[in-house]
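Please read the structure below before turning to the comments.
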Amino acid sequence: MVLRSMARPTISHTSTAFATVFKETVADLGRIFKTSGIVLPLAGTGTLGAEVALSNIIEPGDKVLAISSGYFGDRLVEISGILGASVDKVEVPWGSAARIAEIERKLSEKTYKAMLVVHVDTSTGVANPVKELGSLARAKGALFVVDTVCSMGGMDVQVDDWGINVCFTGSQKALAAPPGLAVISFDSKALGAREKRRTPPSSYYGDIKRWLPILQEPTKYFATPAVNMFYALHESCRMILSEGLEERFKRHAKLASASRAGLKAMGLQLLCEDAVASNTLTVAYHPKGVSDVEFRKSMAEDYGVVIAGGLGPLKDKAFRIGHMGNVNRSDILATLSAVEGSLQRQRYSFQPGSGVAAANRVLET
Ligand SMILES: Cc1ncc(COP(=O)(O)O)c(C=O)c1O
């Protein structure tokens, strides 16, 4: 349905027909983000979302506290540094979630303009406690910026209630559209920070101020929106809202817990504890003697299931299964069955069928 919607004719980006698509998409995204702030879809990817979020609020010399619990947390540190911020990084071990007491202590040592965190770092599958972190940031007056690339649309994110001032995601993960759009929300405090800048933002295209008139009246021109990508996101937002957000989150939670149960039943070790595990993806270590390249080749070629390898220090040591978007129970069972088959080919010893059976038990509850 989403892909079919993209095949419609590319109409003028300043037409009233496109303005309707634009407005409806933005309104639906506001419901999904749970915000009454502005939400802007921009042609680009999640990384553009990070750049737009940060380049509007950070000026050279600003003090920023960046919590990094993985590969994409490090990316926020890097982008902030490029923008000239003085960045203090809280390094959370891969596989753990940020500890509230540690962040509270950090925030009490210095006054920060902004605090940054990735909700679910796709390198680890750990979900950070965004709600609690938001309360801390709010109490200290720091702008709270959250990367929800790997959670928005699959896990609950309450942008307004959790005090998230700037939130960004990409179209291709739990929003379940193709890659090609970044979506960034700004609340009034974040827009105020943009307004009060002493220096212009380093990004021309990503300057939120230039987009405000378009959000008001999409028939105006600033830069050409990706018309057919809007069709896709419009359709995927409709599908998300017609499933119902809470139902969708429950589905993700169940599929995640079935995936974890299945992998554990095969004797595999997961990167993180269930208590901090995300509902969008699961990361598991390879058993000793299993080659990552051979394993994932077999998954893809023998079973038609594509999964990701480990990132950074987990390269060759772990694999990542995404279970977000429009994934269903059959996808999970087929994936676990493929994991079993691909492990058997590498002579890993376990009880065949144990993973699929354990997952099925969870799915039946
Ligand atoms: C948590 C997270 N943040 C940021 C990004 C960067 O997004 P993109 O690859 O769309 O630029 C990704 C990509 O996988 C991600 O998972």
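The values are calculated or read from the model by the stated rules, or taken from the named source; none is laboratory data. As the structure is a prediction and not an experimental result, all values here were calculated from the model. Cβ: placed from backbone, ideal geometry, glycine included. Neighbour counts: every protein chain shown. Surface accessibility is based on the protein's heavy atoms, side chains included, excluding ligands, DNA and RNA. Shrake-Rupley method; radii C 1.70, N 1.55, O 1.52, S 1.80 Å.
At 10 °C and 1.306 mPa s, what whole-number value in µm²/s does Stokes-Einstein give for the translational diffusion of region 249-346, with Rh from the Kirkwood sum over Cα pairs?
119
Show me, for region 152-160, the HN-Hα J-couplings you get by feeding each phi into the Karplus relation (A = 6.51, B = -1.76, C = 1.60, θ = phi - 60°), rounded to Hz, glycine and proline as x.
Result, ordered by residue: 4, x, x, 9, 5, 9, 10, 3, 6 Hz.
Most mobile of V52, V130, V87 per a Gaussian network model of the chain (Cα springs, under 10 Å)?
Maximum fluctuation in the GNM of the chain, among the listed residues, is at V87.
Check cross-link reach from K131 to the lysines: straight Cα distance under 16 Å, and skip same-chain residues fewer than eight apart.
Those lysines meeting the cut-off are K34, K140.
Give me Rg over Rh for the chain, both radii from the alpha carbons and Rh done the Kirkwood way, two decimal places.
Here the Rg-to-Rh quotient is 0.99.
Taking all protein chains in place and a 1.4 Å probe, what share, in percent, of the accessible surface of the chain do carbon and sulfur account for?
Whole-percent figure for carbon plus sulfur exposure: 52.
Among DSSP bridges having both ends in the chain, what percentage is antiparallel? Round to the nearest 5.
Percentage antiparallel, nearest 5: 55.
Rounded to the nearest whole Å², what accessible area per residue is found for the chain with the 1.4 Å probe?
Roughly 41 Å² per residue, with all protein chains present.
For region 1-142, what is the relative contact order in percent, using Cα pairs closer than 8 Å and at least 6 residues apart in sequence?
This gives 20 percent for region 1-142.
So for the pair A357, F222, with labels modelled 7 Å out along Cα→Cβ, what separation do we get in nm?
If labels sit at A357 and F222, their model points lie 5.8 nm apart.
Using a simple spin-label model with points 7 Å from Cα along the Cα→Cβ vector, what separation in nm is obtained for D161 and A275?
For the pair D161/A275, the computed spacing is 2.3 nm.
Restricting to bridges with both residues inside region 1-142, how much of the DSSP beta-bridge set is antiparallel, in percent to the nearest 5?
The antiparallel fraction comes to roughly 20 percent.
So what is the relative contact order for the chain, in percent, with contacts set as C-alpha pairs under 8 Å and at least six apart?
Averaging sequence separation for qualifying contacts and normalising by length gives 20 percent for the chain.
Based on the Cβ-Cβ distance from E301 to R198, what FRET efficiency comes out when R0 is 56 Å, to the nearest 0.05?
That pair, E301 with R198, gives E of 0.50.
Highest GNM mean-square fluctuation, the chain, Cα pairs closer than 10 Å: which of E59, E235, E104?
E104
Given 5 Å bins starting at zero, what is the percent of C-alpha pairs of region 67-129 in each, up to the one with the largest pair distance?
Going from the shortest bin to the longest, the percentages are 4, 19, 30, 23, 18, 6, 0.
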